[in-house]
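Asks: Mind having a look at this structure? Questions to follow.
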Amino acid sequence: MNTALTDTAHSLYVLYETLPNEVQQAFLQELIQKKHQELADLSFYLDCKEAKDENEFLSEQEQQGLITI
């Protein structure tokens, strides 16, 4: 990700943090409803990247569990 994109993403997050709690909750609810699969895929990707970065690889049983999902 280039610096401009990272800065923009960070700025949007800072703006989100300034919103009242009720607005934050409503935003998250709508985001999850409309982008559920993208969020799930991104979460999985980030978890895998973190595990790889920390050299925490899946056991054979964990691998099979993911394949059957």
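Asks: Work out how much length Gln29 to Thr68 would gain on full extension: take 0.36 nm times their residue separation and subtract the Cα-Cα distance, in nm to one decimal.
Replies: Between Gln29 and Thr68, full extension yields 11.2 nm more.
Asks: Let me ask something additional. Based solely on its DSSP helices, what 222 nm [θ] is calculated for the chain when runs of n ≥ 4 H residues each add -39,500 (n - 2.57) and the sum is averaged over all residues, nearest 500 deg cm²/dmol? Walk me through the intermediate numbers first.
Replies: Values: 3 runs with 58 residues, N = 69.
That comes out to -29000 deg cm²/dmol.
Asks: Turning to a different aspect of this structure: Take Ala51 and Glu17, extend 7 Å from each Cα along the Cα→Cβ direction, and tell me the distance between the two endpoints in nm.
Replies: Taking the two extended label points, one gets 3.0 nm.
Asks: Quote the charge dipole size of region 13-55 about the Cα centre in Debye, to the nearest 20; the model charges only the Cβ of Lys and Arg (+1) and of Asp and Glu (-1).
Replies: Dipole about the Cα centre, nearest 20: 140 debye.
Throughout, read-outs are computed from the coordinates displayed, never taken from laboratory work. Computed from a predicted structure; not experimentally measured. Cβ atoms come from the backbone with ideal geometry, glycine included; neighbour counts cover every protein chain shown.
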